[in-house]
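Below is one structure; the comments refer to it alone.
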């Protein structure tokens, strides 16, 4: 399907999406210490801040009214390079693959310029991309206010954080693989079929994982995985 860039001011009403007003503390924050992009187009984001954002697994894009990208971190670049991603980047322009989803993104960007927050789910199941669309208060480029698009994770725990967690809890490679399956929402039987092992073997691994992690149930274990830091792999998206 052809990718098309569309201005968010193309007549799509913000009322067509569910959005919420930005909190009062956010709307009123005009702190001069807050980093911003000035009207000349100069980007004052320090190398330290850029490096921090590039190590976070949550994708982040700052975009103007013409869908031009003023900032993008490595996680967002990686997501937009996926063949199944609903979003793509071409020559510093954000493109949306599907026409219907393009209109939804346009409405969310329009709402953000009115000071409202929105959340979208784009792409096909079973793992759609969730995006929060937020106003960047007091930040503009060439007179255009910028909007932040913050990507959610497609998995409750990404591989780097999960591997570090498994290492910290002294899980075996087989146990870490079972943990990965649980993080992906697989049932023990599905993990057994995936790994071509007995269900009793998977259950034995789960008991060992619970003992080593100090969790009392699979539900508690998956809740723990949701809270792991979202760490970006060092080499992904660096090209």
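Residue by residue, here is whether (1) touching a strand residue (DSSP E or B) at 6+ places or on another chain (Cβ under 7 Å); (2) modelled with pLDDT under 90 holds:
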site: 65; (1), (2): yes, yes
site: 79; (1), (2): yes, no
site: 88; (1), (2): yes, no
site: 96; (1), (2): yes, no
site: 99; (1), (2): no, no
site: 107; (1), (2): no, no
site: 110; (1), (2): no, no
site: 115; (1), (2): yes, no
site: 120; (1), (2): yes, no
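Of all positions in the range 193-206, none carries a residue that is touching a residue at least 12 places away in the same chain (Cβ under 8 Å) and within 18 Å of residue 57 (Cβ to Cβ).
Tell me whether the range 98-115 contains one or more residues that are assigned to a strand (DSSP E or B), under 20 Å from the mean Cα position of the chain (by Cα) and not assigned by TED's automatic domain parsing to the domain that holds residue 206. The answer is no; no qualifying residue exists. From the list 48, 89, the lone residue that is more than 12 Å from the chain's Cα centre (by Cα), outside any loop (DSSP other than H, G, I, E, B) and free of Cβ contacts under 8 Å to residues at least 12 places away in the same chain is 48.
Would you confirm whether or not the range 191-198 contains a residue that is modelled with pLDDT of 90 or more and within 24 Å of residue 55 (Cα to Cα)?
We begin by selecting, within the range 191-198, every residue modelled with pLDDT of 90 or more; these are 191-198.
Cutting the leftovers down to within 24 Å of residue 55 (Cα to Cα) gives us none.
Within the range 191-198, none of the residues are modelled with pLDDT of 90 or more and within 24 Å of residue 55 (Cα to Cα).
Restricting attention to the range 171-192, the residues that are outside any helix (DSSP H, G or I), touching a residue at least 24 places away in the same chain (Cβ under 8 Å) and under 27 Å from the mean Cα position of the chain (by Cα) add up to 2. Filter the range 129-164 down to residues that are farther than 17 Å from residue 219 by Cα and assigned to a helix (DSSP H, G or I) and give me whichever is modelled with the lowest pLDDT. For the range 129-164, the residue satisfying everything is 159.
Scanning the range 203-218 for residues that are farther than 11 Å from residue 170 by Cβ, in a helix (DSSP H, G or I) and either modelled with pLDDT under 95 or in contact with a helix residue (DSSP H, G or I) (Cβ under 7 Å, 6 or more places away or on another chain) (or both) yields 203, 205, 206, 210, 218. Against the numbered list (1) modelled with pLDDT under 50; (2) touching a helix residue (DSSP H, G or I) at 6+ places or on another chain (Cβ under 9 Å); (3) within 28 Å of residue 232 (Cβ to Cβ), residue 36 comes up short only at (2).
Across the range 130-147, the qualifying residues are those that are over 13 Å from residue 64 (Cβ atoms) and touching a helix residue (DSSP H, G or I) at 6+ places or on another chain (Cβ under 7 Å), and the one among them that is surrounded by the fewest Cβ atoms within 10 Å (Cβ to Cβ) is 137. When residue 119 is tested against the conditions (1) within 21 Å of the chain's Cα centre (by Cα); (2) buried (at least 20 other Cβ atoms within 10 Å of the Cβ), the lone failure is (2).
The values are calculated or read from the model by the stated rules, or taken from the named source; none is laboratory data. If you're wondering where the values come from, they're calculated on a predicted model, not measured in any experiment. Quick reminder, even Gly has a Cβ in these numbers, built from the backbone with ideal geometry, and neighbours come from all protein chains shown.
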